[in-house]
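Enquirer: Here it is, the structure in full.
The values are calculated or read from the model by the stated rules, or taken from the named source; none is laboratory data. What you see is a predicted model; the values in this text were computed from it and never measured. In this analysis, Cβ positions are derived from the backbone assuming ideal geometry, glycine residues included, and neighbour counts consider all displayed protein chains.
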Amino acid sequence: MSYVLIILGMALITWLIRTTVFIVGDRLVFPPLVRTALGFVPVTVLTAIIVPMAVSPHGGGAELTWRNPQLVGALAAVLVSALTRRPLLTIAVGLAVFFLWQGVVLG
C-alpha cells in the first residue's frame, strides 16, 4: 500500500510542476544569466549519465584500459563530436566503435 501512495505522490508532484510551467510559463521571465545557465542543463545531465557508464561499466572501480569497449566507444564519439559537431555521425561512430571493439578485440 505504501508503494502505491509513494507512486501517486510522485505522479502528483510531477503533474503539478509541469502544469505550473504551462500556466505561468508566459509570465515567467528569467534573467539572462539564468537563461544562459539553463542552456547547459542538457549537456550536464547527459555527461552525468554517460561518463560513469563509460568509465565503470560493471559498477566497480574505474576501468581505464583499452579492454573497456564502452570507454573506447565514448572516446571515439568525443573525438568525432569535437571534429565534426554532427550528432548523428557522433552516435553512429561511437556505436560502431563500441560494437567492433567488443566483437573483434574482445571477441
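Enquirer: From the list F22, F30, exactly one residue is exposed (fewer than 12 other Cβ atoms within 10 Å of the Cβ) and in a helix (DSSP H, G or I). Which is it? Let's see the steps before the verdict.
Expert: On the way: F30 fails: in a helix (DSSP H, G or I).
Of F22, F30, the one residue that is exposed (fewer than 12 other Cβ atoms within 10 Å of the Cβ) and in a helix (DSSP H, G or I) is F22.
Enquirer: Among all residue pairs at least 6 apart or on different chains, which show Cβ distances below 6 Å where the first residue, located in the range 65-79, is free of Cβ contacts under 8 Å to residues at least 24 places away in the same chain and the second is among the small types (G, A, S) and part of a helix (DSSP H, G or I)?
Expert: L71/A54; A76/G94; A77/G94
Enquirer: Same structure, new question: Find the residue count for the range 7-19, including only residues that are modelled with pLDDT of 95 or more and either hydroxyl-bearing (S, T, Y) or loosely packed, with under 10 Cβ neighbours inside 10 Å (or both).
Expert: 1
Enquirer: Kindly establish whether T19 is hydroxyl-bearing (S, T, Y) and either touching a Pro at 6+ places or on another chain (Cβ under 9 Å) or not assigned by TED's automatic domain parsing to the domain that holds A74 (or both). Lay out the reasoning, then the answer.
Expert: Numbers: hydroxyl-bearing (S, T, Y): yes; either touching a Pro at 6+ places or on another chain (Cβ under 9 Å) or not assigned by TED's automatic domain parsing to the domain that holds A74 (or both): yes.
Yes, satisfied.
Enquirer: Mind checking which residues of the range 26-50 are closer than 29 Å to G107 by Cα and touching a helix residue (DSSP H, G or I) at 6+ places or on another chain (Cβ under 8 Å)?
Expert: I50
Enquirer: Something else: Can you tell me which residues in the range 94-107 are farther than 18 Å from T47 by Cα and part of a helix (DSSP H, G or I)?
Expert: Kept after step one, since they are farther than 18 Å from T47 by Cα, are these residues of the range 94-107: 96-97, 99-107.
Result: A96, V97, F99, L100, W101, Q102, G103, V104, V105.
Enquirer: Okay, moving on. Under 6 Å by Cβ, and 6 or more places apart or on different chains, what pairs join a residue from the range 44-58 that is without any contact (Cβ under 8 Å) to a residue 60 or more places away in the chain with one that is surrounded by 13 or more Cβ atoms within 10 Å (Cβ to Cβ)?
Expert: From the range 44-58, the pairs are A54/Q70; A54/L71; A54/A74; P57/Q70.
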